[in-house]
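See structure below.
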Amino acid sequence: MNTKVIKTLVKKEFLDVFRDRKTVIMMLVIPVILYPLIFIGVMQLVSMISSSMDKQTYRIAIEAEDNGAFLQKMEEAKEHADEETTDEETTDGKETEYELILVDADSITDYEEALNAEEIDAYISGKLQDGKLQYDVYYLSSENNSSYARNIVMDIFDEYKEELTKEKITEAGLDVHEILEPIVYEEEDIASNEQSLGSIMGSILPFMLIVSLLMGTMYPAIDTTAGERERGTLETILTLPVTNRQLIVSKFFTVAMIGIISALLNIVSMGGIAFYMYQIMDLQSDAQVFDMMQFVPALLVCILTVFAFSLFISAVTMCVTAFAKSYKEANNYVTPLMLVVMFVGYIGFIPNVELNRTMAMIPVANICLLIKNMLVFKVDYTAIAVVLISNVAYAVFAILFLSKIYDSEAVLFGEGKAGIQLFEKRSNLKKGGLPELSDVWFVLALTMMLVLYAGSMLQIKFGLKGVFGTQMILLLVPLLIIWYTRKDIRQTYAFQQTKASGFVGGLFIILGMFCINLVLSTGMIKLFPQSAGNIMTAFAELMDGSFLEAFFVIAVTPAICEEMLFRGIVFQTMKKKYRITSAILAVGVLFGAYHMSLVKFLPTGLLGIVLCYTVYVTGSIYPAMLMHFVNNGLSVIISYFPEQLGKVFPVFYEELKLSDSLILLGVGLVLFSIGHSVLRRNYGRNK
């Protein structure tokens, strides 16, 4: 590859990007100026609010059958609060400065109305019950003053209770200390000051870094893809004596470098804030001392992860924005990506999530957890290598995908029908044909959202009947949209007659895949035992009903509903837009992701690929429906008849040995080959 050409192109891209003032603002103004101002401003605001809460006046009414005992205790607390604005310290170490006003309870006709009208902040009622005084504290949790007054009252109650306890023990002639403190215990935090600080930073810093990297790469990615297309300069560049790969590499390096610069500026800005806080704490006499040099290794790893993540997020963002025809449209496309990245980035705030082999492979989450570990001095060189290599690998895959986009004139220059036809007036839509790709993505997003929320609730409440309801969502939502957009149902769902050999070949293939997936599932269970346990528990609960009911819901309905969605509307539309290999792989991945399980992703994904291939070869969805029915039906039969089948096929119920796995793989491959040969002999090599 000609490096001189790439350098020239990179220089050109940099000039184009920096002509846009928004990019410069996002890179410089926000991290260097805005972040410190926001941080210091929030600190001052919190301090002001907390201080104002302490200096408030709280009105409390007491009506108790205790001969004024607690009223006297409140009077003492009031006098104590009035003295020198008190020397008592709250839990946050600040001096309390509040004023208590004790309101005559006789003047309160209805304490609920008084609380709602903010005439009082708390109302205390005390009555004798079974020889003991029962106090009730009424307050409004929706009002800050009332909540704070409740805290003051509860603190006074704690002191009052302790005093009464000591008095009763003394009256009984017992030793107060011996009764109340039969044992002595202390807790000692052996974490260093640096570890404590790192624990706090580990929750906040990774999230801020990934967000800043995303913001830093977003605008240059939009500008170098959709922006260039909107300005009309893309066609001119493609006429130059440069290859598409050189063009893509130059754009990628430009976006990645700007992202890295933006992230480093953010690190410097955050470091400045941390140094400022350190200096403030150092000026306080009781401040803890931190050895900031201990964070140098963590800082170096942070910089490495910034480089790796910048490559990944730059490539992904460019893949998303490359489909947009304008700057505005690209912003709309990037918004979901931003939400996903931020959502995954919140994993740093979740306690007890460890950086294991699984998490080290998950984008965004691996970066957050790695930085979090480094800041508390948990160094795992294998995890560091896996995280860095995986991010670079994902970036390479994204760049390869981006190169495919730039090789497609239909994507780059085709106007297409980017709008979702569902939002068009039905009478204006042309009858017949297949749905547009934008409609398919909308159908998938809407259906998956309904399955995630409504389907989950149905399954929790109704069990097997809820699973049937979930399948109806998969069937009816796409059907309704297909009807509204006036598409050809037979073509959309591949409702075509086919030869008997298509069913025979599909039957052999699915029996082979069942054996192969049994071995794959065993391996996935060992990799993800916790996820496997959850699936087995859920499946066992579903198998609690009658066999016929379970067979119908788990074998029959998915064979119809899931096939009509994935091998029907999704596959038929993608097959029209993309190469057949890409369409089959994409639908397989979507089918695996739909089952929302790490254990099931690979087996169901492969099953989805095989089902797509069968539909493509036969031209009909019916053989795939039969295959899906047989696959799920076998699972139900194995679950319901362990005693009968265990004698004939013990391999289904025992932990697979190496010899068993090899035999199953061999049988599976033979059956698969037979089915594949039947399809090829009857339908030809190419569709």
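The values are calculated or read from the model by the stated rules, or taken from the named source; none is laboratory data. What you are looking at is a predicted structure, and each value in this text was computed from that prediction instead of being measured. Here the Cβ is made from the backbone with ideal geometry for all residues, glycine too, and neighbour counts use every protein chain on show. Surface areas here come from the heavy atoms of the whole protein model, side chains and all, with no ligands, DNA or RNA. Shrake-Rupley method; radii C 1.70, N 1.55, O 1.52, S 1.80 Å.
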Report the residue count in the range 312-364 for those that are of a type in the set (Gly, Ala, Ser) and more than 30 Å from Ile200 (Cα to Cα). 5
Return yes or no: is Val667 of a type outside the set (Ser, Thr, Tyr), closer than 15 Å to Phe508 by Cβ and surrounded by fewer than 17 Cβ atoms within 10 Å (Cβ to Cβ)? yes
Top-ranked residue of the range 103-125 - restricted to ones that are crowded, with 17+ Cβ neighbours inside 10 Å and in contact (Cβ under 8 Å) with a residue 60 or more places away in the chain, ranked as nearest to Gln72 (Cα to Cα): Ile124
Give all pairs with beta carbons closer than 7 Å in which a residue from the range 56-68 that is surrounded by fewer than 15 Cβ atoms within 10 Å (Cβ to Cβ) meets a residue that is in a strand (DSSP E or B); count only pairs at least 6 apart in sequence or on separate chains. Thr57/Glu99; Thr57/Ile101; Glu65/Gly126; Glu65/Lys127; Glu65/Leu128
Within the range 454-556, considering only helices (runs of 4 or more DSSP H) that don't extend past its boundaries, which have at least 3 residues that are without any contact (Cβ under 8 Å) to a residue 40 or more places away in the chain and either open to solvent by less than 30 Å² (accessible area, probe 1.4 Å) or over 24 Å from Ile674 (Cα atoms) (or both)? 456-462, 464-484, 529-542
Yes/no for Gly469 being of a type in the set (Gly, Ala, Ser) and over 27 Å from the mean Cα position of the chain (by Cα): no
Within the range 134-176, considering residues that are among the basic types (Lys, Arg) and surrounded by 13 or more Cβ atoms within 10 Å (Cβ to Cβ), the one nearest to Glu65 (Cα to Cα): Arg150
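Any chance the range 223-232 includes a residue that's in contact with a Leu (Cβ under 6 Å, 6 or more places away or on another chain) and open to solvent by less than 80 Å² (accessible area, probe 1.4 Å)?
yes
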Could you go through the range 662-682 and let me know if any residue there is over 32 Å from the mean Cα position of the chain (by Cα), assigned to a helix (DSSP H, G or I), modelled with pLDDT under 90 and of a type in the set (Phe, Trp, Tyr). no
Which residues, taken from the range 314-367, are at positive phi and modelled with pLDDT under 85? Asn352
Note on Met596: of the conditions (1) open to solvent by 40 Å² or more (accessible area, probe 1.4 Å); (2) under 18 Å from Ser635 (Cα atoms), unmet is (2)
Exactly one of Pro182, Pro206 is over 30 Å from Asp136 (Cα atoms), open to solvent by 60 Å² or more (accessible area, probe 1.4 Å) and of a type outside the set (Ser, Thr, Tyr), and that one is Pro182
Sole residue being farther than 30 Å from Met342 by Cβ and of a type in the set (Phe, Trp, Tyr), chosen from Tyr138, Tyr219: Tyr138
Among the numbered conditions (1) within 10 Å of Cys612 (Cα to Cα); (2) free of Cβ contacts under 8 Å to residues at least 12 places away in the same chain; (3) of a type in the set (Lys, Arg), tell me where Arg567 comes up short. (2)
I need the full set of residues from the range 342-369 which are part of a loop (DSSP other than H, G, I, E, B) and either β-branched (Val, Ile, Thr) or over 18 Å from Leu304 (Cβ atoms) (or both), in order please. Ile350, Pro351, Asn352, Val353, Glu354, Asn356, Arg357, Thr358, Ile362, Val364
For residues that are assigned to a loop (DSSP other than H, G, I, E, B) and either free of Cβ contacts under 8 Å to residues at least 12 places away in the same chain or out of contact with any helix residue (DSSP H, G or I) (no Cβ under 7 Å at 6 or more places or on another chain) (or both), tally how many sit in the range 612-645. 2
